[in-house]
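Below is one structure, written out as structure tokens; the observations come after it.
The values are calculated or read from the model by the stated rules, or taken from the named source; none is laboratory data. A quick note: this is a predicted structure, and the numbers were derived from the prediction, not measured. We place every Cβ from the backbone using ideal geometry, glycine too, and count neighbours over all the protein chains shown. What goes into the accessible areas is simple: the full protein's heavy atoms, side chains included, and nothing from ligands, DNA or RNA. Shrake-Rupley method; radii C 1.70, N 1.55, O 1.52, S 1.80 Å.
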Amino acid sequence: MSYNIKDKVIIKDESYTFIRCTETKLFTPQDFGIKPIYYGSMLMSGYCSVYKVNEDLDFVLDKLYVNASMNQDIKVINGCSPSNFSKTDFDSKTTFYEYKNLNLVAPLSGFVLVGNDYIDALKYRFYDESLYKITLELEVKNGKIAAIKDCSKLMEQYREKFNKGDLAKKLDKRTIDKEIRKWFNFKTIY
């Protein structure tokens, strides 16, 4: 299994991995008329996003990195042109476009789970949601952060139960604390 580039969320200058979202209202390159192209197993979707919680507590798309056809028209997003064209692969006829400082409020109302300090997954059979020492749940209402809850201890308790063999190989939702249970019910968006 190869490394996969994950979307990021920046909170107070700290970078977190975007783990999951309860809604599908996040931006994709297609929203801007850009068709991403598969970039190998490390970037299967052909793009990566960086969201940010700004000073006004808006949940905004800050950066968008897209692998697209070098023959595709260059798109401007929220007044921003891609900042780098040097990553062109002439064999595959693709260019890696980098859009920065987009400052687009995400049309989202729901929950976002982010994590930091990744735990070596090779020795565990955990679900991706619990593989971070620091896990935060962001409640977003109409693109604004309504609350941030630290779920790190609950995810740690889940890992401990799993290590002790208290959880069957198949996930038993009844044994997971109700505060984090929802994260084991939703399908990963991408």
Checklist entry - Of the conditions (1) modelled with pLDDT under 85; (2) loosely packed, with under 13 Cβ neighbours inside 10 Å; (3) assigned to a loop (DSSP other than H, G, I, E, B), Glu55 fails just one. Which one is it? => result (1)
Checklist entry - under 18 Å from Gly143 (Cβ atoms) and either among the β-branched types (Val, Ile, Thr) or touching a strand residue (DSSP E or B) at 6+ places or on another chain (Cβ under 7 Å) (or both) - does that describe any residue in the range 67-79? => result yes
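Suppose we filter Thr24, Thr88, Thr17 for residues that are among the hydroxyl-bearing types (Ser, Thr, Tyr), open to solvent by 40 Å² or more (accessible area, probe 1.4 Å) and under 20 Å from Gly110 (Cα atoms); which single one remains? Step through it out loud before you land on a result.
Working: Thr88 fails: under 20 Å from Gly110 (Cα atoms); Thr17 fails: open to solvent by 40 Å² or more (accessible area, probe 1.4 Å).
The match here is Thr24.
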Checklist entry - Which one of these does Ser69 not meet: (1) out of contact with any Leu (no Cβ under 6 Å at 6 or more places or on another chain); (2) open to solvent by 60 Å² or more (accessible area, probe 1.4 Å)? => result (2)
Item to check | Long-range neighbours under 9 Å by Cβ, at least six apart or interchain, first residue in contact (Cβ under 8 Å) with a residue 60 or more places away in the chain and basic (Lys, Arg) within the range 17-37, second part of a loop (DSSP other than H, G, I, E, B) and open to solvent by 50 Å² or more (accessible area, probe 1.4 Å) | outcome: Arg20/Phe186; Arg20/Lys187; Arg20/Thr188; Arg20/Ile189; Lys25/Pro107; Lys25/Ser109
Next on the checklist: Condition first: open to solvent by 10 Å² or more (accessible area, probe 1.4 Å) and not in a strand (DSSP E or B). Now tell me which residues in the range 34-52 satisfy that.
Outcome noted: Lys35, Ile37, Tyr38, Tyr39, Gly40, Ser41, Met42, Met44, Ser45
Checklist entry - What residue, among those in the range 5-59 that are among the aromatic types (Phe, Trp, Tyr) and touching a strand residue (DSSP E or B) at 6+ places or on another chain (Cβ under 7 Å), is nearest to Lys133 (Cα to Cα)? => result Tyr16
Checklist entry - Which condition does Asp31 not pass, out of (1) touching a Ser or Thr at 6+ places or on another chain (Cβ under 8 Å); (2) surrounded by fewer than 20 Cβ atoms within 10 Å (Cβ to Cβ); (3) modelled with pLDDT of 90 or more; (4) over 15 Å from Glu98 (Cα atoms), if it passes all the others? => result (1)
